[in-house]
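A.B. asks: There's a structure below that I have some questions on.
The values are calculated or read from the model by the stated rules, or taken from the named source; none is laboratory data. Values in this document were obtained by computation on a predicted structure and should not be read as measured data. As a convention, Cβ positions derive from the backbone with ideal geometry for all residues, glycine included, and neighbour counts pool all protein chains shown.
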Amino acid sequence: MREQVDAIYRTESRRVLATLIRLLGDFDLAEEALHDAFAAALERWPKDGVPGNPRAWLVSTGRFKAIDGLRRRARFDASLAELAARMQNGGSTLPAADDESVEDDRLRLIFTCCHPALQPDAQVALTLREVCGLTTEEIAHAFLIGPPTLAQRIVRAKAKIRDAGIPYQIPARENLPDRLDTVLHVIYLVFNEGYSATSGGSLTRHDLSAEAIRLGRLLLALLPEAEVMGLLGLMLLSESRRAARTSPEGELVLLEEQDRSRWNREEIAEGSALVEQALASRRFGPYALQGAIAAVHAEAPTSATTDWAQIVGLYDVLARADPSPVVQLNRAVAVGIRDGPEAGLALIDPILEAGELENYHLAWSARADLCRRLGRTTEAREAYQRALTLTRQEPERRFLARRIASLD
Amino acid sequence: MKYLCLIYGVESVVGAMSPTELQSLMSEFNSFTEDIKQSGHYILGQRLQPVHTATTVRVRNGKMSTTDGPFAETKEQLGGFFMIEARDLNDAIQIASRVPSARYGSIEVRPIWDMSR
């Protein structure tokens with residue numbers, strides 16, 4: 001029985017929580033209710049058997065226990081009596097068994113956790129906690145911050161939701177594009193946090209990318225929009241290279257040197273299909289375009305056969321949709337390969353001069369690489385050294401150090 | 001829920017407007033106010049005189065001091081406010097985004113403390 005309940009917890013607890021949050025209007029109450037509901041299940045189901053619809057049973061039980069708990073506490077605090085009464089009556093709709101309203105509740109939860117009135121790092125923390133069910137410790141560990149700091153962040157976010165009156169709802173049609181952007185951004189942030197950490201790092205970081213992909217799948221199931229497809233495709237294509245990105249010794253392996261036989265073909269197939277679908281819809285945006293670039297890399301059997309002309313073309317389009325300096329930088333690198341290092345440098349130097357990327361180690365290592373290819377060794381060394389001062393990631397530092405050594 | 005929408009803007013922007021532009025802005029504010037009265041959001045709204053007319057009062061250790069001007073020099077200055085009743089923050093944000101000077105200034109949306117809680 002214990003195993004059955006655990007299994008149900010794994011598959012249903014997030015959905016139950018989302019619905020309880022809607023019914024009770026409060027994160028903490030809902031979490032308590034979830035806990036109480038599962039405790040009750042462990043007690044009752046051995047005797048009564050597992051209910052036909054466990055989710056509905058859990059929601060109903062959780063809600064009842066929460067209201068009951070409020071009533072008991074109301075004896076000491078009158079304001080809670082009113083709250084309990086409101087929940088009893090306005091119980092909105094009775095917990096429905098159907099999937100549609102449950103999926104609506106999960107969407108509501110995602111959009112609420114990613115509300116623009118919350119700080120970006122609070123959005124990320126709250127989403128991982130409430131939507132993905134990660135513990136505070138797991139999230140703190142993944143982002144390399146102390147658990148008390150992370151816990152505070154979540155507490156403050158929940159307080160903001162309560163005090164400022166952030167509603168638990170799916171945004172209206174006209175606001176959906178903007179609000180969806182924020183959600184996609186949060187998911188991408190989580191993915192990158194897991195992606196840029198190389199192995200030899202903790203398992204938790206790999207799980208972050210997996211978590212982001214899971215979130216992407218959930219969002220796609222709830223909202224089949226082009227950019228959601230684009231983001232999921234991009235993440236799958238990036239993830240497909242994970243095994244090849246680090247050597248057995250934990251060293252960084254550049255794209256052009258990766259053993260492509262270690263790329264995950266299933267993820268590539270799925271990712272590419274999603275990107276194609278997104279592009280076909282004509283409502284695509286930056287994520288689909290980045291996905292398309294990743295797909296061009298993925299379909300090249302070797303680094304030498306990569307269609308760089310197509311990649312530059314895609315960057316041209318991407319730069320119009322997202323004129324950020326990082327996009328310009330990546331485009332410059334692609335131009336440097338298609339047209340030669342001089343051309344690449346001619347684009348990178350003004351970007352560095354403009355200042356926005358002056359503390360971005362990848363900008364300096366890109367410059368260094370181009371200088372190296374042109375035989376401008378002194379400049380290459382300076383740029384690699386600048387890059388070295390700007391990154392704290394061990395495998396990256398070792399890579400840069402090796403590059404510097406190879407110049408001598 | 002009640003919210004205060006604090007209307008911030010660079011004063012000199014309004015100061016540099018021609019009489020026609022100013023007229024147009026004022027009439028936009030009037031329409032907006034009418035709209036939110038109709039929709040039941042409006043509780044109160046006022047335009048403030050410019051910051052140079054402000055006086056700041058502090059009492060420390062029983063001593064009162066008054067200084068000429070706002071409590072702090074800021075890039076954007078408080079020019080007015082609306083107090084509104086809104087369903088939730090999203091509703092309040094919608095209202096704030098329609099304040100005419102949101103186009104070039106900033107509207108701070110602050111929930112009002114519910115004393116009955």
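A.B. asks: Of all residues being β-branched (Val, Ile, Thr) and closer than 15 Å to A:Gly230 by Cβ in segment A:268-310, which is surrounded by the fewest Cβ atoms within 10 Å (Cβ to Cβ)? Just the residue, please.
C.D. replies: Among those that are β-branched (Val, Ile, Thr) and closer than 15 Å to A:Gly230 by Cβ, it is A:Val296.
A.B. asks: Find all pairs meeting these conditions: Cβ atoms under 6 angstrom apart; at least six residues apart or on different chains; first residue within segment A:215-236 and over 18 Å from A:Gln123 (Cβ atoms); second residue assigned to a helix (DSSP H, G or I) and polar (S, T, N, Q).
C.D. replies: Correct list of pairs: A:Met229/A:Gln277; A:Leu234/A:Gln290.
A.B. asks: Are there any pairs, at least 6 apart or on different chains, whose C-beta atoms fall under 9 Å, with the first in segment A:246-262 and at positive phi and the second modelled with pLDDT under 80 and loosely packed, with under 15 Cβ neighbours inside 10 Å, and if so, which?
C.D. replies: The qualifying pairs are A:Gly250/A:Gly200.
A.B. asks: OK, next. Can you confirm whether segment A:26-35 contains a residue that is part of a helix (DSSP H, G or I), buried (at least 17 other Cβ atoms within 10 Å of the Cβ) and either touching a Phe, Trp or Tyr at 6+ places or on another chain (Cβ under 6 Å) or touching a residue at least 60 places away in the same chain (Cβ under 8 Å) (or both)?
C.D. replies: Checked against the condition, which is being part of a helix (DSSP H, G or I), buried (at least 17 other Cβ atoms within 10 Å of the Cβ) and either touching a Phe, Trp or Tyr at 6+ places or on another chain (Cβ under 6 Å) or touching a residue at least 60 places away in the same chain (Cβ under 8 Å) (or both), segment A:26-35 yields at least one hit.
A.B. asks: Name the single residue that is farthest from B:Glu34 (Cα to Cα) among those in segment B:100-117 being within 14 Å of chain A (Cβ to nearest Cβ) and in contact with a helix residue (DSSP H, G or I) (Cβ under 6 Å, 6 or more places away or on another chain).
C.D. replies: Of everything passing the filter in segment B:100-117, B:Pro111 is farthest from B:Glu34 (Cα to Cα).
A.B. asks: Output the residues belonging to segment A:139-189 that are β-branched (Val, Ile, Thr) and more than 14 Å from chain B (Cβ to nearest Cβ).
C.D. replies: Answer for segment A:139-189, where residues must be β-branched (Val, Ile, Thr) and more than 14 Å from chain B (Cβ to nearest Cβ): A:Ile139, A:Ile145, A:Thr149, A:Ile154, A:Val155, A:Val183, A:Val186, A:Ile187.
A.B. asks: I'm trying to understand the selection: among the residues of segment B:68-99, which are away from every other protein chain (no Cβ under 14 Å), under 15 Å from the mean Cα position of the chain (by Cα) and free of Cβ contacts under 8 Å to residues at least 40 places away in the same chain?
C.D. replies: B:Pro70
A.B. asks: Scan segment A:94-121 for residues that are at pLDDT below 75, in contact with a Lys or Arg (Cβ under 7 Å, 6 or more places away or on another chain) and outside any loop (DSSP other than H, G, I, E, B) and report the count.
C.D. replies: 1
A.B. asks: Out of (1) out of contact with any helix residue (DSSP H, G or I) (no Cβ under 7 Å at 6 or more places or on another chain); (2) part of a helix (DSSP H, G or I), the odd one out for A:Arg392 is which?
C.D. replies: Condition not satisfied by A:Arg392: (2).
A.B. asks: Here is a follow-up. Taking A:Ala332 and the conditions (1) part of a helix (DSSP H, G or I); (2) among the small types (Gly, Ala, Ser); (3) without any contact (Cβ under 8 Å) to a residue 24 or more places away in the chain, which numbered condition does it fall short on, given that it satisfies the others?
C.D. replies: Failing condition for A:Ala332: (3).
A.B. asks: Here is a check on your reading of the model: is A:Pro46 outside any helix (DSSP H, G or I), modelled with pLDDT of 90 or more and out of contact with any Ser or Thr (no Cβ under 7 Å at 6 or more places or on another chain)?
C.D. replies: Considered against the rule, which asks whether it is outside any helix (DSSP H, G or I), modelled with pLDDT of 90 or more and out of contact with any Ser or Thr (no Cβ under 7 Å at 6 or more places or on another chain), A:Pro46 comes out as no.
A.B. asks: Now for a separate question. Suppose we filter A:Leu345, A:Leu289, A:Leu390 for residues that are at negative phi, under 28 Å from the mean Cα position of the chain (by Cα) and without any contact (Cβ under 8 Å) to a residue 40 or more places away in the chain; which single one remains?
C.D. replies: A:Leu390
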